[in-house]
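*Asks:* Take this structure, written in structure tokens, and hold onto it; I'll ask about it next.
Rule-based calculations on the coordinates, nothing more; no lab input. Given the structure is predicted, the values throughout are model-derived calculations rather than measurements. Using ideal geometry, Cβ is built from the backbone for each residue, glycine included, and neighbour counts are taken over all protein chains shown.
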Amino acid sequence: MSSPFSIRSFPRAIVHFDGDSFFASVEQLMNHELRGKPVVTGGERGAATSLSYEAKQMGAHRGMSMREIKKICPDVVVVSSDYTSYSIYARRMYSIVRSFTPDVEEYSIDECFADITGLRQKYHMPYEQITKMIQDKLRADLGLSFSAGLGPNKSLAKIASKYRKPAGLTCIPAKEAHVYLKDVRVGNVWGMGGSTSLYMQKLGINTALEFAQQDEHWLEVNRISKPYRDIWTELRGGFVKQLNTASDDSIGSIMKTQTFTPPSSDRAFVLSQLARNIEGACSKARRHGVRARTCSFYLKTQDFTYAGLSLELSLPLADPREFQRLVEAEFDRVFKEGVLYRATGFTLRSITAEHAVMNDLFGDSERAETKSRILETLDGLNHKFGSNTVHFASSFTARKDGDAHQERRALRARRRITLPIEKKRKSLNIPYLGIVR
Ligand SMILES: [Mg+2]
């Protein structure tokens with residue numbers, strides 16, 4: 001092989017769309033009074049999560065405290081995050097892109113990947129023009145601007161969309177990757193964690209290009225593990241990372257979250273809060289006559305970082321004890337001693353209708369059937385006497401302390417001082433879908 005980048009330009013054509021100042025732009029779109037003004041979202045947490053261009057121009061940036069922002073930008077309008085509205089716009093974005101190709105990955109609340117391989121024949125135009133067409137459609141239909149990147153894989157598409165922000169379109173064919181990679185710090189490559197990039201720097205690797213130019217032997221000697229080998233392959237133009245095209249929207253997902261005040265580092269308490277969400281989600285699934293095979297849970301820390309895991313059952317169920325068992329077994333992979341947690345969340349995914357669940361040959365369904373009679377009784381009692389009349393012991397701690405927590409929380413809420421420029425809005429317990437660490 002003469003050059004590491006000699007693979008054909010686009011054996012696969014992957015695009016990445018990234019909303020520009022997404023949250024702040026949605027706010028300006030919904031409230032015309034905010035247009036043309038410096039707008040910052042994240043008022044409820046005291047630090048900026050998204051900034052309009054007017055605010056960025058004044059030198060404000062993400063993560064900056066509202067106090068600092070007000071110093072440099074006294075006219076700033078601070079709003080509380082409205083994740084319900086942002087996710088409605090996100091859904092619209094996914095569905096617009098899906099009208100061009102079914103292979104869309106809903107990557108985050110303002111980003112998605114799409115596989116447009118083969119669409120050249122359909123539209124009689126090159127991939128770059130197809131990307132432009134989708135980008136224009138997003139702008140026209142949503143009134144929001146998106147940066148777009150086209151590449152032979154997800155890693156290069158993501159580098160491409162970042163290249164010209166806002167509203168840019170960058171195309172990185174495999175054979176030209178080196179031109180772009182030389183300016184990208186290795187730590188800024190998608191999927192490179194902080195510790196890995198430190199390790200790379202120790203090995204003398206500072207840019208994405210330096211990493212891509214290493215050979216198999218170098219990877220071997222320096223014990224580069226699979227996820228980073230995959231990145232290495234993609235930086236060289238290969239296609240490894242598949243698109244996760246399962247949509248939460250099309251099959252539906254059931255999510256329950258719970259925020260508690262004050263935050264807690266008590267393992268039993270946090271687990272119990274999670275158990276309460278598991279029960280809630282499973283109860284809803286049974287009410288809707290559906291079962292789920294996969295689930296995920298997350299813990300949110302006091303400083304608003306998220307950690308979580310996705311787990312899978314051998315067959316679809318709506319029995320909280322099965323999910324509880326699964327979550328308990330993996331809980332300590334996520335829970336860290338001494339860390340203060342403020343919320344938990346649990347989501348059921350891969351949902352199927354009850355009647356569509358086939359009996360398996362391994363006896364799991366039989367075991368599940370016996371249990372479901374207990375659940376029927378429980379649902380019957382809760383229906384008759386009000387929800388949560390009967391619940392599982394696993395969530396007892398959360399419920400017992402729950403009332404006291406709620407009261408304290410209500411008191412704090414009443415005492416909370418609203419800044420004069422902050423828009424009053426009900427704060428929602430919807431997790432930030434964009435960052436999961
Ligand atoms: Mg964005």
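*Asks:* Starting from segment 199-277, pick out the trypsin sites (Lys or Arg not before Pro) whose DSSP state is loop and whose Cβ has at most 10 other Cβ atoms within 10 Å.
*Replies:* Values: sites: K202, R223, R229, R236, K241, K256, R267, R276; in loops: R223, R236, K241.
Answer by residue number: R223.
*Asks:* While we're looking at this one, here's another question. Assuming 0.36 nm per residue, please report the length gained on full extension of the stretch K284 to F331 beyond their Cα-Cα distance.
*Replies:* Roughly 14.6 nm would be gained on extension.
*Asks:* Starting from the 7 Å offset along Cα-to-Cβ, what nm value, one decimal, do you get for the label separation of L340 and V221?
*Replies:* Result: 4.8 nm between the two label points.
*Asks:* Rounded to whole Å and sorted largest first, what semi-axes of the equivalent ellipsoid does the C-alpha gyration tensor of segment 214-359 yield via the square root of 5 times each eigenvalue?
*Replies:* Working: eigenvalues 207, 113, 33 Å².
In descending order, the three semi-axes are 32, 24, 13 Å.
*Asks:* Follow-up. Tell me, in nm to one decimal, what length is gained between K175 and D303 on full extension, where the rule is 0.36 nm per residue of separation less the Cα-Cα distance?
*Replies:* Between K175 and D303, full extension yields 41.8 nm more.
*Asks:* Let me ask something additional. Report the FRET efficiency, 1/(1 + (r/R0)^6), for D183 and H32, where r is their Cβ-Cβ distance and R0 is 51 Å, rounded to 0.05. Before the final figure, lay out each step's value.
*Replies:* Details: r = 38 Å, r/R0 = 0.75.
Step by step, r from the Cβ atoms, then E = 0.85.
*Asks:* Further question on the same structure: Kindly give the semi-axes, whole Å and largest first, of the ellipsoid equivalent to segment 6-144, taking each as the square root of 5 times a Cα gyration tensor eigenvalue.
*Replies:* Each semi-axis is the square root of five times an eigenvalue, giving 34, 15, 13 Å.
*Asks:* For a quick check of your reading of the filter: which GluC sites (Glu not before Pro) in segment 292-358 sit in a DSSP loop and have no more than 10 other Cβ atoms within 10 Å?
*Replies:* Values: sites: E312, E322, E328, E330, E337, E354; in loops: E337.
Counting only loop positions with at most 10 other Cβ atoms within 10 Å, the GluC sites (Glu not before Pro) in segment 292-358 are E337.
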